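Shown next, in structure tokens, is the structure this report addresses.
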Amino acid sequence: MDVQDQIVAGHVCMQYSIDHNRIKSLKEYAISRFKKTLQRDTFLALDDVSFSVKKGEVFGIIGKNGAGKSTLLKVISGILKPTGGTVSVQGIVAPMLELGSGFDQDLTGYENIFLNGAILGYSKEFLEENYQKIVDFSELGEFIYSPIRTYSSGMMMRLAFSVAAVVVPDVLIVDEILAVGDADFQVKSRERMRELMGGGTTVLFVSHSIEQIEEMCDRVLWLDHGRVVDIGGASEICRRYTSS
Amino acid sequence: MTEIRYVKKALAIIWVLFFLSVVILYLVGGEQLQYAFTNTGEVVRATNDVGELTTGKVIEQAFRLDGNELQQLKLYGYGYDYDYPVGGIMEVSILDEDGAALYDETMDMALLSGEGELVINFDPLLEVGSDSLPKLRITVIDGSQGSVPTLYYGSSISLARGEAQIRLQDEEKVSVDGVLQDGRLCFQVTGRREIWLGSFYWAIAAAAALLLAGFSMYTLRGAKRGSGQPFLKMLRSMKKYRFLIEQLVSRDFKTKYKRSALGVLWSFLNPMLVMTVQYIVFSTIFRSDIENFAVYLLTGIVCYNFFSEVTSLSVTAIVGNASLITKVYIPKVIYPVSRALSSMINFLLSLLPLLIVMLVTRTKITPAVLLLPFAVACLLALSMGVGMVLSSAMVFFRDTQFLWNVLNMVWMYLTPIFYPENIVTGWQSYILKLNPLYHIIRFFRIVLLDGISPEPKAYLLCFAMAAVPLAVGYCVFRKTEDRFVLHI
């Protein structure tokens, strides 16, 4: 492995098994097991995917729905264990998948910053240092001391984005750039995202917007039905993808 | 470099804990560490008497004791309702197997008048050979009809409900004037046996210290080279995820009573109220003759509540956190562990009402309570082990939650929480002995009620009954955790 490589994926396979004849009870299970009609079809969500991402690179992943993009991101962030092949990632991975999933409705915004920060892997010192920054960015003001069940959904997303965006991780995983909050906040969050992407952080970026990908990424991986179609420079791959 | 400092700190804590426990165990363990205390078993029900103890009467009763030193002899007799004062002279002797007298004392039979209970304390302790069959002999030297007491014998023991016949071998039967009777004398001999742990205590402690020293060296060397020894790995992840665990525990604790008016007071109130109800039920409707029933009951309730809370919270530990597990990578063990730890806070709070009840009932609080952290750790380990199996099973088999509700109840009735443990006899007692909670609760009760350290075997049993479930639970969890995300 090259020192410069941040993420190396080698022959990654992800196989799901699907039951066609959904077993509903133990009796049915026993019978079908006995009759050997218990058939499980398998489905390859990722099939022999290999690539490497260098430090500081913005790496895009494109493909149709169901091509395996999200599965690949989950494998890289360690949520899914691949059924075949290896993935190695250097440094801290910050998942920016579905914000706010670690929030607890009964806790205040203040308590949730620490809870969610801990879930994202930040240290206590880091959070205490950056607490003010997070509150300022979220524009929540005094509401930070109210339980978040009293928040509007926009306020909640703003808080979630602020917690996630304050860190400068080694690897940032972005599944669609988020349209959070009102227009002003959207501009602000997009700017922060660009800042991160330009600031030496390795970024894995998934989007359906080919323009965004072309604009932001250095290199692009094209997935189709779990297989790698091609890897290469952003503009070239995007051109071929749109024409296909 | 910071890692080495962290490892050094962890090792220092382990050493301090080690020294503390060696010293505390020595000071508090006292006699229990050096001797095993035994007796000749339960006293039989007094159903027959041996007749008046008139001059020349000889009563002989052999007994077996799992020990080599006798401490005390208790004889149960009866002084009839005579017009004359009861009196006379008898000789009480203990003979060894060959018939040589080990102990001999002439005493006044007046000691047995009324519902007489004669107690002889051997001082110094009476040495009998271990695994021998000594004999108690009572010879009446002077006693005239009409003014002497009698001794009882019988062949059944009383249980909490009814009685049970016991089968006696000839050597266990009482003989009156050389004639074997169908029964055993109402008597009890208590004694003790030296155990090897007492004599080797410091040797064992030194050996453990040596082992620990070796382990420390090995770990430090590993830390310098940055190797992946299991212990170092554990330390690293503890350091990394400590903050997260703190946050999760404080969340669980804060949200538990968040919207209730009495809040954290419930941690005190709940065991108190449960105890009050059960105390009323079991001290009025079902009478039980347990000494200090309130403390007995509350100890059981507090321990069982903790176990029950941890396990039922663990059932949903993985499934309930599905939204996190599918989005962020966190070692999954953290979920059941954090739930167990937040219940731990609750448990520690509920020890306060226990303390209050102990003070109110004037139960003596002795230094033996210093041994409680051991029992608490065992209880935590057991609950966590069971919890891990449950949280993993729940992912693949959602019926687990309903099944566990039932099993939890069954387990509760299998554990002597509100009934005395001697109610359980025969094959049921084997089940009782297999119940880890029984051993742990028993440990609590010996420490709190008797104020002494349990026998060394109890430590081993508690440890094994906690470590095995924890190890099994952890292995099951680690084996299955990679497939969780596919099923939630």
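Pairs of alpha-carbon atoms within less than 8 angstrom and 6+ residues apart define the contacts here; what relative contact order does chain A have, in percent?
Answer for chain A is 27 percent.
On a full-extension model of 0.36 nm per residue, what is the gain between A:Thr108 and A:Gln4, subtracting their alpha-carbon distance, rounded to one decimal in nm? Write down the numbers at each step before the final one.
On the way: separation 104, 0.36 × 104 = 37.44 nm, distance 4.17 nm.
That works out to 33.3 nm of additional length.
Tilt of helix B:436-445 relative to the longest C-alpha principal axis of chain B, in degrees (0 to 90, nearest 10)?
70 degrees
Tell me the relative contact order for segment B:40-193 as a rounded percent, counting alpha carbon contacts under 8 Å between residues six or more apart.
Contact order relative to length: 42 percent.
Mind checking the mean number of beta-carbon atoms from other chains within 10 Å of the Cβ atoms in B:248-261? Kindly include the intermediate steps, with their values, before the conclusion.
Details: counts 5, 0, 5, 9, 1, 0, 6, 6, 1, 0, 5, 2, 0, 0.
Partner-chain Cβ atoms within 10 Å, mean over residues of B:248-261: 3.
Could you name the lysines whose alpha carbon sits less than 19 Å from that of A:Lys27, not counting residues in the same chain fewer than 8 places away?
Output for A:Lys27: A:Lys35, A:Lys36.
Each residue of segment B:88-100 in turn: what ³J(HN,Hα) in whole Hz from Karplus with 6.51, -1.76, 1.60 and θ = phi - 60°, glycine and Pro shown as x?
With the stated coefficients, segment B:88-100 comes to x, 10, 10, 10, 9, 9, 10, 10, 8, 4, 8, x, 7 Hz.
Which far-off residues, 5 or more places away or on another chain, put their amide H under 5 Å from the one on A:Leu46, with H placed in the peptide plane?
A:Met14
Alpha carbon centre of segment A:54-82 versus segment B:155-199: separation in Å?
Between the Cα centre of segment A:54-82 and that of segment B:155-199, the gap is 76 Å.
Remind me, relative contact order of chain B in percent, using alpha carbon pairs under 8 angstrom and six or more residues apart? Could the numbers behind the result be given before it?
Working: 764 pairs, mean separation 82.4, N = 488.
Result for chain B is 17 percent.
I need the fraction of alpha carbon pairs in segment B:228-487 separated by more than 27 Å, rounded to a whole percent.
Summing the P(r) of segment B:228-487 above 27 Å gives 41 percent of all pairs.
Show me, for segment A:194-204, the HN-Hα J-couplings you get by feeding each phi into the Karplus relation (A = 6.51, B = -1.76, C = 1.60, θ = phi - 60°), rounded to Hz, glycine and proline as x.
Running phi through 6.51 cos²θ - 1.76 cosθ + 1.60 with θ = phi - 60° gives 5, 4, 5, 5, x, x, x, 7, 6, 10, 9 Hz.
Given 0.36 nm per residue, what is the gain on full extension from B:Tyr257 to B:Leu220 after removing their alpha carbon distance, in nm?
Values: separation 37, 0.36 × 37 = 13.32 nm, distance 4.38 nm.
Value of the extension gain: 8.9 nm.
Could you list the square roots of 5 times each eigenvalue of the Cα gyration tensor of chain A, that is, the equivalent ellipsoid semi-axes, sorted largest first and rounded to whole Å?
Values for chain A, descending: 34, 26, 17 Å.
What spacing in nm lies between the two simple spin-label points modelled at B:Leu20 and B:Val472, each 7 Å away from Cα in the Cβ direction?
Between B:Leu20 and B:Val472, the simple spin-label model gives 3.1 nm.
Please give the charge dipole size of chain A, origin at the Cα centre, charges +1 on K and R Cβ atoms and -1 on D and E Cβ atoms. Round to the nearest 20 debye.
With Lys and Arg at +1 and Asp and Glu at -1, about 1360 debye.
I need the phi-derived Karplus couplings for segment A:4-12: 6.51 cos²θ - 1.76 cosθ + 1.60, θ = phi - 60°, integer Hz, Gly and Pro marked x.
So the Karplus estimates, Gly and Pro as x, are 6, 7, 8, 10, 10, 10, x, 6, 6 Hz.
So which chymotrypsin sites (Phe, Trp or Tyr not before Pro) in segment B:396-430 pass both tests, a DSSP loop state and at most 16 other Cβ atoms within 10 Å of the Cβ?
Of the chymotrypsin sites (Phe, Trp or Tyr not before Pro), the ones in loops of segment B:396-430 whose Cβ has at most 16 other Cβ atoms within 10 Å are B:Phe397.
Rounded to the nearest 500 deg cm²/dmol, what is the calculated helix-only ellipticity per residue at 222 nm for chain A, with -39500 (n - 2.57) per DSSP H run of length n ≥ 4?
-11000 deg cm²/dmol
Treating the angle as unsigned and between 0 and 90°, give the value, to the nearest 10°, between the Cα long axis of helix A:153-165 and the longest Cα principal axis of chain A.
Helix A:153-165 and the main axis of chain A meet at about 90 degrees.
Can you list residues from other chains, or at least 5 along the same chain, whose modelled amide H is less than 5 Å from the amide H of A:Leu221?
So A:Leu221 has HN proximity to A:Gly60, A:Ile61, A:Ile62.
How long are the semi-axes of the ellipsoid equivalent to segment B:40-193, from square roots of 5 times the Cα gyration tensor eigenvalues, in whole Å, largest first? Walk me through the intermediate numbers first.
Numbers: eigenvalues 108, 76, 41 Å².
Three semi-axes, in Å: 23, 20, 14.
Over the alpha-carbon set of chain B, work out the extent along each principal axis and list the three values in angstrom, largest first.
For chain B, the Cα extents along the three principal axes come out at 93, 54, 39 Å.
Report the equivalent ellipsoid semi-axes for the protein assembly as shown in whole Å, largest first, defined as the square roots of five times the eigenvalues of the gyration tensor built from alpha carbon atoms.
Values: eigenvalues 1033, 132, 130 Å².
Equivalent-ellipsoid dimensions as semi-axes: 72, 26, 26 Å.
All of the numbers you see were taken from the coordinates with simple rules; none came from a lab. Keep in mind it's a predicted model, so treat the numbers as computed, not measured. Because the Cβ atoms are built from the backbone with ideal geometry, glycine has one as well, and the counts that use them run over all protein chains shown.
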